[in-house]
Every structure is written in structure tokens, then in C-alpha cells.
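Inspection log for the structure reproduced underneath, given as C-alpha cells.
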Amino acid sequence: MNNTGYKRLFKLALTLTLTGCANNPAIKTDVPYHNTVTIPAHVTEHQAQGLTGTYANSLAVRNFIRHMVLEHSFSESYLNNLFSKAQRLDYVVRLENPPQYHGPKPAHPKTGGWTRYRQQFITEAHINNGVAFWSNNADSIQKASVTYGVDPEYIVAIIGVETFFGRNIGKTRIFDALTTLAFDTQRRAKFFTTELENYLLMTREEGYEPFQPVGSWAGAMGLGQFMPSSFRTLAVDFNNDGHRNLWDQCDAIGSVAHYFSRNGWQNNMPVADQTKSYNGGSTIELGTTNGSEYWRVHPNFKVIKKYNNSDKYAMAVHQLAQAIKQRRL
Ligand SMILES: [Ca+2]
């Protein structure tokens, strides 16, 4: 979920208008859409009727539309209309395929990596804004902590690391991002095609207009940066207004706690302890500018990694949580 460096480029306040819509179709994920063959012009005239724009000649998009019609009973003309207006985003392609580094290899690849990562998130601004976010949302955070059994400082810290407490939620149209990633990139195309499928289902279930939600270039949404599949399965309507809205602070707080709970968080249990040396399978090594740090990590550390599978990410969340908790006292 995390593409924080990029997300920091964006600051946008978003209000979404929601209407109710009930549907709970099954998800089918094993359909190959990734045929990059372009339909010949003479075939296009006949078969691609109704699909215009950037993706008019994309067989992969046509196959995807057919799948959504057959599996989820979407209207073909509705989807043709949507994909006719979809925009291929060149910067999304570039971010998904960063240029390879061809310079000299560093003496130790881990040297300083944790120091640099930590400096992005364990800042005075993050700690102070975390304390303020906690105070401004004290009731919701307390309720979420009790309801789901998740230590409150970790709910706050996740939102801090993901979006700087909602300030950097991204401004890329999710539909364009996921369409680009599914059909114009290769590396994680299957993953993003499934997320696009979930996104269209989500918009139908929740009553979103598909071009309205915005988020990260990788399709993550709201204060906690949920991907569409996580939105559908783990987002909760925590302010009881009848809608799941992850751009709303209260719903985002409840949803992050629910995510942690469902992934096995153990309330009031340790996350990580620093040790002097490597000591077996539950020890991690983080490279600093002054050598390595060693930490013994506990099951809750792995729960944080379910959010983003990186030791540095999980350690940043842990240390920010502790720093915010300390300052709040
Ligand atoms: Ca709500």
C-alpha cells in the first residue's frame, strides 16, 4: 500500500458523495487478460464497436470487459463508455517501472538504508501531528481500539506513515491508475487487473461514480491507503452513516483497526525489542550509517508487515507509534 514518497507530492481535500447500493458478487481472479495483442483495424471496426479512446484497440481491455459482463453482470455499454474515457497515465507507467541503477555497487548494500528511511517518518512533524490527530479523533480511536483490540498508537502511526494523517492521500484518478497498471505495465499486471475488477465492484456496491475517487498512483485510497480488494473486505462504516468512506477520518480509523484485527493483532503485546546481536529467526538486521541495528521482532511486527511487506516500514510504524504515545503522555 505504501508509495509514500510519491504520495507526498499530493495534497488534496476530497469530499465524496455516496449513495447506497447492495451487491456482493463473487470474485474470480484467474482469468488471463494480459494478452497485449492489438486487434487489427479491419477486426476493430466490427468487434470493438462501442469502445473508443486510448483503449479502443486493446484486446486485453475487451476481454476484461467481457469478463466483467459475464461474471458480474455489468452492462457492456456502461463499461465501454467507462473505458472509452480512461486515460493512460505515463507517470504511472514510469513509477511502476523505475529506471535500473547501473552505477557502482555500494560496499554494503544495507549501509544507511534504515537511517534514511527512518528520517522520512520519525520526524517532529510526524510526532506532533500524530498527537494532534489522536486528540482530534480521541473518541473514534478509543472506540476502534476497544472494538477491535488494537493498541491506539498503532492505528495513529499507520495513518501517519501512509498519508501524513490524511494530508497526502494522492490525487490520481483510481480508475485511470488501475487501468494503466493493468493494461500498460507487465510486472504486476495480474495483481492490478484483479484490483481493477475489485474497484469496479466496489464502486457499484458503494455507489461511487468510478471517475470520482482519487488516491495514489498505485490505486491506494483514503487515509489508510486501502487497495480496492482491502476496501471491499476490510473497510467499515465506523461513523454509522450508512457508507464506507475511507476519506473520512472516523471510517478510516475503524477500518485500519479492523485490518489489524483481522490479520491477528494481539492487543497490548510487544512489537519489537532492540538487541545487541543477531539471535536467530526472529531477529532482523537494519543497516544504519553507523553499522547494523538488530531487533527481536514479535508476532505483531508481522501484522504490520501485512500492511506493507517491509521490515523498514514496520519498524517506522512501530517507532512512530511509540514516539507519539510518549509525547501524548
Ligand atoms: Ca461511514
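General observations
- Ascending count of other beta-carbon atoms within 10 Å, so fewest first, for Ser140, Ser282: Ser282, Ser140
- Kirkwood Rh (inverse of mean 1/r, distinct Cα pairs), segment 86-146, angstrom: 16.3 Å
- For Val146, Val256, Val317, Val271, order by how many other beta-carbon atoms lie within 10 Å, fewest first: Val146, Val271, Val317, Val256
- Calculated FRET value between Thr275 and Lys190, using beta carbons and R₀ = 41 Å, to 0.05: 0.55
- Cβ-to-Cβ counts within 10 Å put Thr111, Thr163, Thr194 in ascending order as Thr111, Thr194, Thr163, the fewest first.
- Per-residue ³J(HN,Hα) for segment 177-185, Karplus 6.51 cos²θ - 1.76 cosθ + 1.60, θ = phi - 60°, Hz, x for Gly and Pro: 4, 6, 5, 4, 5, 6, 10, 10, 10
- √(5λ) per eigenvalue of the Cα gyration tensor, segment 189-287, largest first, Å: 32, 18, 11
- At 0.692 mPa s and 37 °C, Stokes D of segment 162-228 from Kirkwood alpha-carbon radius, µm² per second: 278 µm²/s
Taken together, the values in this text are just the output of simple stated rules run on the coordinates, not laboratory data. Treat the numbers as computed from the prediction; the structure is a model and nothing was measured. Every residue, glycine among them, receives a Cβ derived from its backbone with ideal geometry; neighbour counts consider all protein chains shown.
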